[in-house]
Structures are given as C-alpha cells and as structure tokens.
Amino acid sequence: MTAVAAVSQTDLAGRPQFGWINGLKASAAQLIVLHHLAFYGPMSDYVRPLWPELLDWLGGSARIAVQVFLVIGGFLVAKSLSPAGRPGIATPLQAVWRRYAKLAPPFLAATLLAAILTPVAGIWMLHDSMSAAVTLGQLSAHALLLHGVLGYESLSAGAWYVAIDFQLYLLTVSLLWLGGRLAGQRRMGWLMPLAVTVGITFSLLYFNLDAGWDNWAPYFFGSYGLGLMAWWASDPRRKPGAMTALMVMAAVPVLLALAVDYRSRIALALILACALFLFGRARTPSQGRTWNIINALGRISYAVFLVHFPVSLLVNALFTSYAPLEPAWQALGMLTAWGASLVAGAAFHRWVEVPLGQVMGSVVAHLAGRPALVSR
C-alpha cells in the first residue's frame, strides 16, 4: 500500500506532518481491509442479504483504493530520491538495499504470522480463501519478494503489493541511474520528467491493458509515475509555466489511455495525482485529537495492510463456528474483524515493524560506513 510506501514522519515534538497524505493512506487501508472482508467471506456471505449493494461494492470496486498507495508511493519516492527531478543517483545499490531492508523484514514477519494463523483458522473453517500448507520454497520466494514472479501462491491477501512496490522502487532507481549516465555533467532538468512520461505512456497503453503483466512493475508504473510527476510539478521553486507543463505531460497520456480503454482505477490515479499536486506538500499540525487519530492511522497503515488478512481469517472461523449464522451476528463478526485488524496492526507496528526498522537501519548504516539515524 504500500502499499505500501510509508510517509516520513516527524518526531513527536509536535512539528507539522503530511496530514493529508496520512489521511489518504489511513482511508485506503480501511477500504482494503473491508474489501478483503467482503470479498473472501464466509461471514460476508451471510451478511450479504442485509446489505447486498454495500457488500457488492466493497467486494468489487473498493479494491481500487490500492491506487492511493501507488500514487502516494511515487510521490514520496520522488521526494526521497530526486526532489528536484534531476537525473542521477549517488548510491543506487545502497538505495535499493535500504528499500528492501525497510519493506521485507516486517513483510516476512507478517507472512510467518499468516502461515501460523491460517492452519489455526482451518481447525474451525474450510474456505477457498485459505491457502494450502506453506512450503520452504514458498517462504523463500516471499522473503525475496519474488512470489508473484515465480508463480507461488501468496500467503496473505495484499502480499503482491509489497513485491510490486519494491519493483517500482527498483525501476525508479534504475531510471535515475541511467538518466545520470546519459546526462553526465549536464543539468538536463527535463530528462527525468520526459523519461517518466514515456514510462506512463507505455504502461497505460500497453502493459496495463494485459493482465498477464500484473506481477511486474510496468503494469502499475502509470499510477506510480503520476505520483512522481506530481511531486516534481508541485515544487514551489518552479515557475507556474513549468508546473503546468509537467502536469500536462503527466495527464495527456492518461487521458489518451482512458479514451482507448476507460479504467476507473486509472481515472482515480489521475485525480489523486492532481490532488497531490495541489495539496500534497501542505503541512498540517500534528496536534489536536482529529489530526492525532489521522496521523496515527496513517502511521500504522502498512502494519494493518500486512496483518489484517490472517486476523480476519481467524475471526471468520470463530464467528462462523460459534455465533449464529444470521446476518446481524455475522455483521458483528465483520466489525469485530475490522477492529481486531486495527488493534493487531497497531501492535505489529509498535512491537515488530518499529524494532525491525531500527535494527535494519543500524545494519544498513553499518554496511554504508556511517552512524545510524534511529527515529524515536
């Protein structure tokens, strides 16, 4: 989400944060949890007569919330790797390793959790949403973020996104490195926006039209590239004409692609990119109850994304085994699974994601030969 790209948080001293981005991430994470609850059942099968239209929407259209993570991911990666949109990157291999060290350890921990909880849920429930017994090869492919590419079944819903996020980051680093090699000592400030525009065009007019590419980054680069362009276009140091030109460069291939084959997910990505262009850099106070809740939910969104599926499976198993199989009771079960996913995500963030991030940050810093910067 990712799916998963985490927002750089300020410390807890009350400095402003990207509150609007945290709000988008928090909202998208909730929709993904509800989508999987509605899509995978079996509680939702019993609730459907009560709210058929809502369950149909959550089980279908709500999945396009993943576009929020794709576009925000590109936006924040541009901020991190090339804030001014210039070609070149000083240490590409270190950048890729840092990204892997950030994404993979909590993902693998959540994957192990899913491997444990799925057979536990299987004591009470048999359902096609449950994966088969895990194999060593399957776990290894997940650890390398290659499960989709190698054809292994994902152990958790949403696992595909973590691998795609890493691929997209690797693709962006590669573009910056190649751009730097091509530019040499020349500034060529428009090279990277042009390269990303070409990437958006090929993604939306070719790769994204063929579901056979959905385990590979080019399928999703259209949305991710819009996020990159939104950051570069919103640079306040640019002249208004340059800002407009960059957003036009991003929008034209999207509008052409929608004319060729309308896809609501791509239309949403364009709307999100425009919103980030206008408001993405706006800082909001971290104080106040509402913003505290929004920022907290945004902060744990990756953890919620990682752990909600095995938690939901377990709640599904318990409610369909021990509660009456009536719409009202099973609706309570869905609400319980939603709440349990948030609690589990908060706990996972506090006790797994943050400590692992500190350990891996120290390892990366040691390998790079510099002191570790550990956030508190």
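The values are calculated or read from the model by the stated rules, or taken from the named source; none is laboratory data. Just so we're clear, the structure is a prediction, and the values are computed from it rather than from any experiment. Ideal geometry is used to build each Cβ from the backbone, glycine not excepted, and the neighbour counts take in all protein chains shown. Surface accessibility is based on the protein's heavy atoms, side chains included, excluding ligands, DNA and RNA. Shrake-Rupley method; radii C 1.70, N 1.55, O 1.52, S 1.80 Å.
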Looking across the stretch 325-362 at residues that are out of contact with any helix residue (DSSP H, G or I) (no Cβ under 8 Å at 6 or more places or on another chain) and farther than 25 Å from residue 100 by Cα, the single one that is least open to solvent (accessible area, probe 1.4 Å) is 339
Checked pairs for the stretch 357-376, first closer than 20 Å to residue 91 by Cα, second at pLDDT 80 or above and not in a loop (DSSP other than H, G, I, E, B), C-beta under 6 Å and 6 or more apart or across chains, list as 360/101; 360/105; 364/98; 364/101; 368/94; 372/361; 372/362; 372/365
Condition set hydrophobic (A, V, I, L, M, F, W, C) and touching a residue at least 12 places away in the same chain (Cβ under 8 Å), scope the stretch 276-295, selection farthest from residue 229 (Cα to Cα): answer is 291
Problem - Check on residue 80, under 30 Å from residue 325 (Cβ atoms) and of a type outside the set (D, E, K, R) - result: no
Residues of the stretch 200-231 being open to solvent by less than 20 Å² (accessible area, probe 1.4 Å) and of a type in the set (Gly, Ala, Ser), in sequence order, are 203, 217, 222, 223, 225, 227, 230
Those residues of the stretch 46-80 which are under 27 Å from residue 193 (Cβ atoms) and open to solvent by 30 Å² or more (accessible area, probe 1.4 Å) amount to 64, 79, 80
Going through the stretch 124-175 in order, the residues found to be open to solvent by 70 Å² or more (accessible area, probe 1.4 Å) and touching a residue at least 60 places away in the same chain (Cβ under 8 Å) are 124, 170
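I'm trying to understand the selection: among the residues of the stretch 105-127, which are aromatic (Phe, Trp, Tyr) and under 24 Å from residue 357 (Cα atoms)? I'd like the intermediate steps shown before the answer.
At the first step, the residues of the stretch 105-127 found to be aromatic (Phe, Trp, Tyr) are 107, 124.
Scanning the stretch 105-127 gives a single hit, 107.
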Log entry, pairs with first residue in the stretch 74-103 being farther than 20 Å from residue 200 by Cβ, second being surrounded by fewer than 21 Cβ atoms within 10 Å (Cβ to Cβ) and among the basic types (Lys, Arg), beta carbons closer than 9 Å, six or more apart or on different chains, reads 88/181
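Considering every residue within the stretch 96-115, establish whether at least one is in a loop (DSSP other than H, G, I, E, B), buried (at least 22 other Cβ atoms within 10 Å of the Cβ) and touching a Leu at 6+ places or on another chain (Cβ under 7 Å). I'd like the intermediate steps shown before the answer.
Going through the stretch 96-115, the residues in a loop (DSSP other than H, G, I, E, B) turn out to be none.
Taking every residue of the stretch 96-115 in turn, none turns out to be in a loop (DSSP other than H, G, I, E, B), buried (at least 22 other Cβ atoms within 10 Å of the Cβ) and touching a Leu at 6+ places or on another chain (Cβ under 7 Å).
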Among 71, 33, the single one that is modelled with pLDDT of 95 or more, within 18 Å of the chain's Cα centre (by Cα) and within 19 Å of residue 227 (Cα to Cα) is 71
Based on what the data block shows, is residue 85 outside any helix (DSSP H, G or I), open to solvent by less than 10 Å² (accessible area, probe 1.4 Å) and not polar (S, T, N, Q)? yes
So the helices (runs of 4 or more DSSP H) completely within the stretch 259-376 holding 1 or more residues that are modelled with pLDDT under 90 and either under 20 Å from the mean Cα position of the chain (by Cα) or not β-branched (Val, Ile, Thr) (or both) are 289-299, 354-368
Looking across the stretch 232-266 at residues that are closer than 23 Å to residue 220 by Cα and among the polar types (S, T, N, Q), the single one that is least open to solvent (accessible area, probe 1.4 Å) is 234
